[in-house]
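The values are calculated or read from the model by the stated rules, or taken from the named source; none is laboratory data. Given the structure is predicted, the values throughout are model-derived calculations rather than measurements. Positions of Cβ are backbone-derived with ideal geometry, glycine not excepted, and every protein chain shown enters the neighbour counts. Just so you know, the surface numbers come from the protein's heavy atoms only, side chains and all, with ligands and any DNA or RNA stripped out. Shrake-Rupley method; radii C 1.70, N 1.55, O 1.52, S 1.80 Å.
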Amino acid sequence: MELVGSPLTATYAHPRSTPTKFLPAISTMASSYKNRFPYYPLPQSFSLPWMPSTYYKTAAINPTLAPFSKSSQGLAPSKMLPFVSNRTTLFTRYTPDDWYRSNLTNYKESETSWHNAERLRVDTSRMIQDKYQQTKKTQVENTKNLGERVNDIGFWKSELCRELDEMIGETNALTDMKKRLERALAETEAPLQVAQECLLHREKRMGIDLVHDDVEKQLFTEVDVIRSCQERMQRYLDKAKAQLASNRAAQHELERDLVNKQAAYRIDDKCHHLRNTSDGISYYRGVERVDATISVPESWAKFTDDNILRSQSERAASAKLRDNIENLLVVTANEMWRQFNGVNVAFTNRIAETADAKSKIQTHLAKTLQEIFQIEMNIEAIRKAIRDKGPPLKVAQTRLDERTRRPNVELCRDIAQLRLVNEVHEIDETIQSLQQRLRDAEHMLQMLVHAKSVLEHDLAVKANSLFIDQEKCMGMRKTFPSTARLVGYV
């Protein structure tokens with residue numbers, strides 16, 4: 001019993017001869033087979049008028065000739081058989097048995113042809129039905145496969161769209177964060193310049209006030225803190241630029257893959273909806289031999305999955321970098337504010353110390369000036385006292401000189417003489433002591449004048465330092481970027 005769908009080839013059917021070249025040349029095929037009904041050239045025997053040469057066999061009965069008569073030798077051909085009756089009499093072609101056998105043979109061959117034709121028709125009908133069902137089943141399966149393929153492409157397309165939207169959002173967020181970081185980095189230039197100018201102004205201090213005090217230490221620390229913050233910001237700014245480049249590269253791969261998916265989706269969806277009655281279908285001879293595929297379903301899905309995984313990885317790195325930049329901005333702003341306040345406190349303390357020292361110097365200078373005045377008055381009194389001792393000394397010496405002129409024994413060392421001598425010595429000692437005191441007073445006056453000049457110079461130094469710290473430095477440090485500006489919001 002034969003199975004449906006796999007008919008056996010009939011032994012009586014002879015295969016048709018096929019042309020030696022089934023397809024035209026490649027260069028001419030594209031323009032020759034489109035929109036034309038396929039032309040199958042027939043064998044030469046089928047192009048002639050119909051003749052059942054396959055199933056019909058002519059009876060092979062050769063007539064026997066009569067012996068060649070001598071009377072016909074030497075006669076002309078036109079004179080050998082002058083009458084039909086003579087021809088039929090001389091040449092007998094078939095016998096009645098031959099005639100009956102020929103008819104029987106024709107009958108049998110005709111019946112055999114009928115049976116073979118009937119079997120051929122039945123087998124052909126069954127084959128047509130089987131091939132129709134097989135073709136229909138194959139088309140349904142292919143339509144189903146195309147539908148599944150369209151669903152797969154749609155799934156990956158939706159995944160790509162979702163990931164692309166998230167990547168675009170992440171890239172925009174990182175771009176905004178980079179702009180904030182750039183603004184914050186630009187805001188640090190003004191505090192750094194103020195700190196450096198404060199150091200330059202304090203180099204103009206004079207004398208003993210040119211000291212490496214706590215204010216200068218805090219200013220150096222502020223410069224180091226600001227530069228450290230700038231270095232960290234610049235480092236993270238470079239990281240943000242590199243991460244943005246990576247994000248855009250991943251986004252470009254997603255967009256390119258999405259464009260390819262959209263094109264493939266349109267093509268496969270169009271193929272999925274094509275039917276036998278659809279417009280635009282045509283013959284494309286030899287297209288089944290063209291294999292332009294470059295991937296398999298596993299590599300195709302892995303390609304898109306790798307793109308999505310790469311995008312997710314870059315997006316996670318970008319989000320982490322944004323968090324690090326946010327923390328960096330907060331930390332650097334707090335550090336700079338803390339150091340700024342520390343410098344201001346040091347300035348305030350130093351200004352208070354300088355103002356107190358200036359006040360004390362002014363007090364000492366006032367006392368010194370008063371003492372100089374008193375010493376000058378004392379010197380003048382000593383000089384007057386020395387001048388006042390001149391007349392008594394003159395009187396005593398004049399008395400002694402006059403008494404040297406007493407005659408003879410009158411030159412007596414009496415009490416008056418002794419008293420006059422003692423008076424002269426006393427006045428000389430008084431004058432010498434007054435002169436020594438005058439020299440001491442004058443030396444003290446010089447010391448006071450020197451102290452006065454020192455105090456006045458120190459007062460000028462303190463006034464200069466106070467002006468530098470209080471007016472110039474603190475005048476520049478009245479304003480400092482707010483926290484919102486230091487974190488890049490403004």
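Observations on the structure shown:
- Pairing residues of the range 206-224 that are in contact (Cβ under 8 Å) with a residue 24 or more places away in the chain with residues that are open to solvent by less than 50 Å² (accessible area, probe 1.4 Å) and of a type in the set (Phe, Trp, Tyr), at Cβ distances under 7 Å and at least 6 apart in sequence or on separate chains, gives Val215/Phe347; Glu222/Phe340.
- Any hit, the range 259-268, residues being within 19 Å of Gln139 (Cβ to Cβ), in a helix (DSSP H, G or I), in the same structural domain as Lys178 (by the TED database) and of a type outside the set (A, V, I, L, M): yes
- Qualifying residue in the range 234-253 (condition: surrounded by 13 or more Cβ atoms within 10 Å (Cβ to Cβ) and farther than 24 Å from Ile325 by Cβ): yes
- Identity of the residue in the range 204-224, open to solvent by less than 30 Å² (accessible area, probe 1.4 Å) and assigned to a helix (DSSP H, G or I), that ends up nearest to Phe340 (Cα to Cα): Glu222
- Only one of the listed residues (Val345, Val330) is surrounded by fewer than 17 Cβ atoms within 10 Å (Cβ to Cβ), more than 30 Å from Glu456 (Cβ to Cβ) and within 33 Å of the chain's Cα centre (by Cα). That residue is Val330.
- Some residue of the range 172-183 being touching a residue at least 40 places away in the same chain (Cβ under 8 Å), open to solvent by 30 Å² or more (accessible area, probe 1.4 Å) and farther than 28 Å from Ala249 by Cα: no
- Scanning the range 278-305 for residues that are over 20 Å from Thr143 (Cα atoms), touching a residue at least 24 places away in the same chain (Cβ under 8 Å) and open to solvent by 100 Å² or more (accessible area, probe 1.4 Å) returns a single hit, Phe303.
- Residue check: Gly475 meets all listed conditions (1) modelled with pLDDT of 90 or more; (2) open to solvent by less than 40 Å² (accessible area, probe 1.4 Å) but one, namely (1).
- Condition met for Thr354 (modelled with pLDDT of 90 or more and open to solvent by less than 70 Å² (accessible area, probe 1.4 Å)): yes
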